[in-house]
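Worksheet: the structure to be examined is printed underneath.
Each reported figure results from applying straightforward, stated rules to the coordinates on display, with no laboratory input. Owing to the predicted nature of the structure, the values given are computational and were not obtained by experimental measurement. Cβ atoms come from the backbone with ideal geometry, glycine included; neighbour counts cover every protein chain shown.
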Amino acid sequence: MIFQNELDKSINKIACYYTSIAFYSAWKGYYWTARDLNMLWYQCVNKNYIDVNQCILNPQGVANVVGSKLIFKGKYYPDYVRKQNDYIISCFKLTREAEEAHFCVLDESGIYTKEHVLFDPWAGGSKTVAEGLCTSLRVFSKE
């Protein structure tokens, strides 16, 4: 799997949510190159799935572009009860009030802590996950 810090310098600091969505394809056996993910990022921008501030506006559109056969269910708080077919991307922050966030994929335990991170898109692990807390979830349903 490609990590976000292997992508183009113009996007590699902010592509954690994007890379977490793309991870599902890799988990299912598809291998992306950094060049592929860079190209697909710009396709998402051109389709207005990602805005000029590099925020994902349409998670379903991004999932479709990167070939992740996921269905976006919505944004939830960490009291969400995980369903059997859920693919959960968590939003970690150093404090609940912090603006800066980092997204990563959680395992299937339904426990939303750093110990249950399946994939951190920042190679070597991010400080935000290591020292922060889960403040929200992006929930998708698997194919």
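What is the stretch 4-142's relative contact order, in percent, from Cα pairs under 8 angstrom and six or more apart in sequence?
28
In Å and whole numbers, how far do the C-alpha atoms of the stretch 13-70 stretch along each principal axis, longest first?
Over the stretch 13-70, Cα extents along the principal axes are 31, 21, 17 Å.
Could you list Cys91, Cys16 in order of exposure, starting from the residue whose Cβ has the fewest other Cβ atoms within 10 Å?
In order of increasing Cβ crowding within 10 Å: Cys91, Cys16.
At a Förster distance of 35 Å, what's the computed FRET efficiency of Val81 paired with Leu57, Cβ-Cβ distance as r, to 0.05?
After rounding to 0.05, the efficiency reads 0.85.
Using +1 at the Cβ of each Lys and Arg and -1 at the Cβ of each Asp and Glu in the chain, identify which of Ala98, Trp41, Ser109 lies farthest towards the dipole's positive end.
My answer, from the dipole projection, is Trp41.
May I ask for the Kirkwood hydrodynamic radius of the chain, worked out over all distinct Cα pairs and given in angstroms to one decimal?
For the chain, the Kirkwood estimate is 15.0 Å.
Do the sum for the chain: with -39,500 (n - 2.57) for every DSSP H run of n ≥ 4, divided by all residues, what is the mean residue ellipticity at 222 nm, to the nearest 500 deg cm²/dmol?
-7500 deg cm²/dmol
Past the 26 Å Cα-Cα mark, which pairs from Lys28/Lys73; Lys73/Lys93; Lys83/Lys127; Lys47/Lys127; Lys47/Lys73?
Going by Cα-Cα distance, Lys83/Lys127; Lys47/Lys127 fall outside the 26 Å limit.
Each residue of the stretch 10-27 in order: what ³J(HN,Hα) in whole Hz does its phi give by Karplus 6.51 cos²θ - 1.76 cosθ + 1.60, θ = phi - 60°, with x for Gly and Pro?
Each residue of the stretch 10-27 in turn: 6, 10, 5, 7, 10, 9, 5, 5, 4, 5, 5, 5, 5, 4, 4, 4, 5, 4 Hz.
Along Cα→Cβ, 7 Å out, is where each label goes; now give me the distance between the ones at Glu143 and Thr33 in nm to one decimal.
2.3
Please give the contour-minus-distance gain from Glu131 to Ile111: 0.36 nm per residue of separation, less the Cα-Cα distance, rounded to one decimal in nm.
Value of the extension gain: 5.5 nm.
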